[in-house]
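Computed from the coordinates by the stated procedures, all read-outs in this text should not be read as laboratory data. None of these values were measured; they are calculated from a predicted model. With ideal geometry, Cβ positions are generated from the backbone for all residues, glycine too; neighbour counts draw on all protein chains shown.
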Amino acid sequence: MSLNNEVIKCIHERRSTRLFTEEQISNEQLDALLDAAIWAPSGGNNQSWLFTAIQKKDVLLHLNQLVRQGFQEWVPDDDYPSKLAAKQRSQNQSYNFYHNASTLIIASNKPNYQNAMADCALALQNIFLAAQSLGLGSCYINQLHWLRHDPQIRAYLLELGIPKEHTICSCAAVGFIGKASPVPVRKEGTIQIIR
Ligand SMILES: Cc1cc2nc3c(=O)[nH]c(=O)nc-3n(C[C@H](O)[C@H](O)[C@H](O)COP(=O)(O)O)c2cc1C
């Protein structure tokens, strides 16, 4: 690649971290990540998202218990392999849906808003790239989206201040990298240029 600058380098070097250290990120780092999130583009400049950052270990562990329970009760209604694998893995006592990251950021959005997922995904990528630039690891976490209709999970998220009408779009696990993830190869044939 001939053009190379700090942002392009950051895009290339970002990986999904799945092993974090126990160390908590600083308040300054968390503020920078949340600031990066709210500066993402949004459809019609809606900015109708809500980013809920959880750092309290008791809260995270309780949420993990609810996710494990939610998967037990979830009757597969699609054949998405990662979701089925997560249901299987959640039976394990050691299962942790946010990879034991010290910080979990939940992105929720207004219901019946067509760009809810797109807006939150763009905001999450801002978080991931900002994390990479600060020397932190991050990972997209889908479990709360999959289980967004689970009554126990919703009741707990409401206690945490996430409006009951909000749809849970996605989450970012963030923390210090415990183990670097391998670099996945890029598939061929996914770009075409017409000039
Ligand atoms: C929509 C979406 C959902 C994902 N869900 C999860 C997830 O629930 N848990 C997880 O560990 N990784 C999840 N990932 C991360 C992907 O597995 C990862 O991006 C992919 O394997 C490529 O690796 P890289 O991010 O290191 O380049 C998700 C990524 C996307 C874009």
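Out of the residues in the stretch 81-109 that are out of contact with any strand residue (DSSP E or B) (no Cβ under 9 Å at 6 or more places or on another chain) and in a loop (DSSP other than H, G, I, E, B), state the one that is surrounded by the most Cβ atoms within 10 Å (Cβ to Cβ).
Taking the candidates together, the pick is SER90.
What are the pairs with Cβ atoms under 7 angstrom where one residue, in the stretch 1-23, is in contact (Cβ under 8 Å) with a residue 24 or more places away in the chain and the other, located anywhere, is assigned to a helix (DSSP H, G or I)? Sequence gap at least six, or different chains.
So the pair list comes out as CYS10/LEU129; CYS10/GLN132; CYS10/SER133; ILE11/LEU129; GLU13/GLN132; ARG14/PHE128; ARG14/LEU129; ARG14/GLN132.
Give me a count of the residues in the stretch 151-195 that are over 27 Å from ALA53 (Cα atoms), aliphatic (A, V, I, L, M) and away from the ligand (no atom under 16 Å from the Cβ).
Of the residues in the stretch 151-195, 3 are over 27 Å from ALA53 (Cα atoms), aliphatic (A, V, I, L, M) and away from the ligand (no atom under 16 Å from the Cβ).
Would you mind finding the one in LEU124, LEU136, LEU129 that is within 17 Å of the chain's Cα centre (by Cα), in contact (Cβ under 8 Å) with a residue 12 or more places away in the chain and under 25 Å from ALA85 (Cβ atoms)?
Values: LEU136 fails: under 25 Å from ALA85 (Cβ atoms); LEU129 fails: under 25 Å from ALA85 (Cβ atoms).
Of LEU124, LEU136, LEU129, the one residue that is within 17 Å of the chain's Cα centre (by Cα), in contact (Cβ under 8 Å) with a residue 12 or more places away in the chain and under 25 Å from ALA85 (Cβ atoms) is LEU124.
Condition (residue is assigned to a loop (DSSP other than H, G, I, E, B), in contact with a Leu (Cβ under 8 Å, 6 or more places away or on another chain) and surrounded by 14 or more Cβ atoms within 10 Å (Cβ to Cβ)) applied to the stretch 49-58: is it met by at least one residue?
yes
Matching residues to (1) of a type outside the set (Ser, Thr, Tyr); (2) touching a helix residue (DSSP H, G or I) at 6+ places or on another chain (Cβ under 9 Å); (3) assigned to a helix (DSSP H, G or I):
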| residue | (1), (2), (3) |
| --- | --- |
| CYS10 | yes, yes, yes |
| ALA32 | yes, yes, yes |
| ALA40 | yes, yes, no |
| GLN47 | yes, yes, no |
| LEU60 | yes, no, yes |
| LEU66 | yes, yes, yes |
| GLN69 | yes, yes, yes |
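Based on this model, can you work out whether ALA118 counts as more than 9 Å from the ligand (Cβ to nearest atom), under 26 Å from LYS179 (Cα atoms) and touching a residue at least 60 places away in the same chain (Cβ under 8 Å)?
Judged against the criteria, ALA118 is not a match.
Considering each residue of the stretch 1-30, count those that are exposed (fewer than 13 other Cβ atoms within 10 Å of the Cβ) and either of a type in the set (Asp, Glu) or within 15 Å of TYR98 (Cβ to Cβ) (or both), and give that number.
Within the stretch 1-30, residues that are exposed (fewer than 13 other Cβ atoms within 10 Å of the Cβ) and either of a type in the set (Asp, Glu) or within 15 Å of TYR98 (Cβ to Cβ) (or both) number 5.
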